[in-house]
């Protein structure tokens, strides 16, 4: 789960994406049926989704995203 609290949410996203790609490579060797999801706040998603780079990256990498609300600590939605 990423908080994206730094001054640069796109930098945080790049870091999380790199970690996910590495995890997926490792998981593909042993647990091919396991799906990874990137969990982020709904606020971070709203901010990032305005950026073409983010939208294209999600599409190209076929990311599955879980959105949560930081204040209420609740799941908002799953995006597959």
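The values are calculated or read from the model by the stated rules, or taken from the named source; none is laboratory data. Keep in mind it's a predicted model, so treat the numbers as computed, not measured. Please note: Cβ atoms are built from the backbone with ideal geometry, for glycine as well, and neighbour counts cover all protein chains shown.
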Report task. Could you tell me whether residue 29 is modelled with pLDDT of 90 or more and either exposed (fewer than 15 other Cβ atoms within 10 Å of the Cβ) or farther than 26 Å from residue 72 by Cα (or both)? Result -> no
Query raised in the report: Looking only at the range 48-80, which residues are touching a helix residue (DSSP H, G or I) at 6+ places or on another chain (Cβ under 7 Å), surrounded by 15 or more Cβ atoms within 10 Å (Cβ to Cβ) and not in a strand (DSSP E or B)?
Result: 48, 54, 57
Report task. Answer yes or no: is there a residue in the range 18-26 that is at pLDDT below 95, in a helix (DSSP H, G or I) and surrounded by 15 or more Cβ atoms within 10 Å (Cβ to Cβ). Result -> yes
Report summary line: For the range 5-30, pairs from a residue that is under 12 Å from residue 44 (Cα atoms) to a residue that is part of a loop (DSSP other than H, G, I, E, B), with Cβ under 8 Å and 6 or more apart or across chains, are 10/51; 12/2; 12/3; 12/4; 12/5; 12/6; 13/2; 13/4
Query raised in the report: Is it the case that residue 36 is surrounded by fewer than 16 Cβ atoms within 10 Å (Cβ to Cβ), assigned to a strand (DSSP E or B) and at pLDDT below 95?
Result: no
